[in-house]
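Taken together, the values in this text are just the output of simple stated rules run on the coordinates, not laboratory data. Just so you know, these numbers come straight off a predicted model, no measurement behind them. Virtual Cβ from ideal backbone geometry, glycine too; neighbours counted across all protein chains shown.
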Amino acid sequence: MSTLRTDAWLLRGISSIPGELSLRGGSLTFTAFNTGSAWPWQLRKLERAVSVPGIAVKIDAGERTNVFRWPVAEVHSDCPWYYFGGGLRLRRGGVLLKFSFGRPANTRSNTLADLGDNLAELATMRKRGKMWHAALEKARNRPT
């Protein structure tokens with residue numbers, strides 16, 4: 001059984017929602033920690049997309065909120081080249097969600113002095129991306 005849990009940021013346009021992406025027992029789950037930089041209208045749009053009533057209000061209130069729990073067998077995942085291996089797109093039916101495995105640039109310092117930290121963050125993002133790709137492949141290909 002594939003099991004993995006890491007920090008991830010659900011990307012919503014130029015905003016992001018911090019949380020935890022986890023794979024356990026054949027289910028893929030994202031739990032939001034708070035609103036991050038997302039606006040209330042973006043949270044409402046997310047609520048409609050994943051068809052989970054009430055999550056916009058809970059996330060906006062700063063509650064830890066399960067955004068989705070999807071059977072991994074129903075999820076298609078990929079990592080476009082422009083993510084540089086540090087993110088993931090998940091699609092289930094008509095719902096497409098985009099994740100970054102590193103804190104988005106608009107939520108951290110970007111001074112020249114922080115360049116070393118930013119490069120280390122990129123390496124961590126790529127490592128997490130590889131782990132997720134391998135774990136999702138393993139989970140999809142396990143015998144039933």
Of 62, 85, the only residue that is of a type outside the set (A, V, I, L, M) and touching a helix residue (DSSP H, G or I) at 6+ places or on another chain (Cβ under 8 Å) is 85
Any residue that is buried (at least 18 other Cβ atoms within 10 Å of the Cβ), of a type in the set (Lys, Arg) and either part of a loop (DSSP other than H, G, I, E, B) or in contact (Cβ under 8 Å) with a residue 24 or more places away in the chain (or both) - is there at least one of those in the stretch 6-29?
yes
